[in-house]
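**Student:** Structure incoming, see below.
Throughout, read-outs are computed from the coordinates displayed, never taken from laboratory work. The structure displayed is predicted, hence computed values, not measured ones. Because the Cβ atoms are built from the backbone with ideal geometry, glycine has one as well, and the counts that use them run over all protein chains shown.
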Amino acid sequence: MLALALLLLATFAAIPTGISSMGVCYGVNGGDLPSASDVVQLYKSNGIGLMRIYFPDANALQALNNTGIGVVMGVRNEDLPTLASNPRAAAAWVRDNVIAHHPGVSFRYIAVGNEVAGGDTATILPAMRNIRNALAHAGLADTIKVSTAVHSGATQGFPPSQGSFSQSYMGPIARYLQRTGAPLLCNVYPYFSYLGNKAQIDIHYALFTSPGTVVQDGDMAYQNLFDALVDTFYSALEDAGAGNVDVVVSESGWPSAGGDDDVATAGNARTYNQNLIDHVGQGTPKRPGRRIETYMFAMFNEDQKTGAETEKHFGLFNPDKSPAYPISF
Ligand SMILES: *[C@@H]1O[C@H](CO)[C@@H](O)[C@H](O)[C@H]1NC(C)=O
């Protein structure tokens, strides 16, 4: 009981009272987006207490000073090779982008790369080490944790209890996270899983609207695909000998337009995202009752994003700050 009370206290202490513990990703690949200070104001007026940024955006960092908003800050993928091979470059990166803004900016995690692919995956762990060493040098290694953001393709296996990492570079990263007490940052998209497997997945399972259990996995009953994807990560971490590592959902969302079907609609985006907000406090079947720290993707529709047309339509807000659809945080 005391442990539970302390745990609750620690959870609440991390996030300013009166502010939602939902996070939202702030991407900037759009024309006509509001100024960083207007964006921070929009987070505050909606009670959004956590923000993920994808690089050390000087404007955003300035605007975040003294707001109490918890921040996940990315290292650009293209910077990994240098930061991996050169400890002095990592120390300079930490000095200029973290220490210069600490403690006014409430950094939570540094995401060393986002969905890094190909041969560059070999640079993730050495870059994480160099950045963590630089943070440790400044006495910040316990305050600001170092991780990397990966997508569900880093895992394989079904049902969720059979999850393992699909790529060999992940095992050493998982064990490093366990040693350093850092979470794994996981981009979790039932939308893409559904899109890739419409024949076998009911859209209600992806939208959190199934009336009952869809996948029974031993003792664990899955009513939504989000939990199944998160628990596949937990199983993969256990399989890698890193069962104490927490999963933080560093991206999740649903596009409101841009598809050539009736999947990417404002109605589905609203259903998914509102259900996500309402769900993450409950944990998953493998980690029941443990709130999943979650960053929704994304704050704005970003018209300069490349790839599928839907990529431009993941925003909760339009560039003029009007909601893309009604949602409450
Ligand atoms: C953040 O605000 C404090 C004053 O509250 C100021 O001393 C500090 O220089 C600011 N930090 C940055 C990086 O602007």
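**Student:** Taking amide H positions as placed 1.01 Å from N in the peptide plane, with prolines and chain starts having none, which residues 5 or more places from Met22, or on another chain, fall under 5 Å of its amide H?
**Tutor:** Sorted by chain and number, the residues that satisfy this are Gly49.
**Student:** What's the tally of Lys pairs in the chain whose alpha-carbon atoms lie under 27 angstrom apart, where the two lysines are 8 or more places apart or on different chains?
**Tutor:** 10
**Student:** Tyr54's amide H: which non-local residues (gap 5+, or another chain) put their own amide H closer than 5 Å, with H modeled 1.01 Å from N in plane and none for Pro or chain starts?
**Tutor:** HN-HN under 5 Å from Tyr54: Gly74.
**Student:** I would also like to ask the following. Pick from Gly74, Gly212, Gly171: which residue has the top mean-square fluctuation in a GNM of the chain where Cα pairs under 10 Å get a spring?
**Tutor:** Gly212
**Student:** Under 20 °C and 1.002 mPa s, how fast does region 191-302 diffuse according to Stokes-Einstein, given a Kirkwood radius computed over C-alpha pairs? Answer in µm²/s, whole number. Show your work: numbers first, answer last.
**Tutor:** Values: Rh = 14.8 Å.
This corresponds to a translational diffusion coefficient of 144 µm²/s.
**Student:** So if each residue of separation counts as 0.36 nm, and I subtract the Cα-Cα distance between Asn318 and Asp260, what length gain in nm does that give? Mind dumping the intermediate values first?
**Tutor:** Numbers: separation 58, 0.36 × 58 = 20.88 nm, distance 2.10 nm.
Between Asn318 and Asp260, full extension yields an extra 18.8 nm.
**Student:** Could you tell me, in Å, what Rg and Dmax come out for the Cα atoms of the chain?
**Tutor:** 19.0, 55
**Student:** Assuming R0 = 56 Å, can you tell me the calculated FRET efficiency for the pair Gln62 and Gln216, based on Cβ-Cβ distance, to the nearest 0.05?
**Tutor:** Details: r = 51 Å, r/R0 = 0.90.
E between Gln62 and Gln216, to the nearest 0.05, is 0.65.
**Student:** For the chain, modelled as a GNM with alpha-carbon contacts under 10 angstrom, which of Pro285, Pro87, Pro211 fluctuates the most?
**Tutor:** Pro211
**Student:** Just to be sure I understand the model, the point goes 7 Å from the Cα along the line to the Cβ. What's the resulting Asp96 to Asp278 distance in nm?
**Tutor:** Each label point is offset 7 Å from its Cα along the Cβ direction, giving 4.7 nm.
**Student:** Give me the one-decimal nm value for the distance between modelled label points at Gln156 and Ile201, 7 Å along each residue's Cα-to-Cβ direction.
**Tutor:** Taking the simple label geometry, Gln156 and Ile201 are separated by 1.8 nm.
**Student:** Can you tell me how much longer the chain between Ala117 and Thr82 gets when fully stretched, taken as 0.36 nm per residue apart minus their C-alpha distance, in nm with one decimal?
**Tutor:** Working: separation 35, 0.36 × 35 = 12.60 nm, distance 1.63 nm.
Here the segment from Ala117 to Thr82 would lengthen by 11.0 nm.
**Student:** Please list the non-local residues whose amide H lies under 5 Å from the amide H of Phe107, H modeled 1.01 Å from N, same-chain partners needing a gap of 5 or more.
**Tutor:** Val71
**Student:** Would you look at the GNM of the chain, springs on alpha carbons closer than 10 Å, and say which of Ser250, Ser210, Ser147 moves the most?
**Tutor:** Maximum fluctuation in the GNM of the chain, among the listed residues, is at Ser210.
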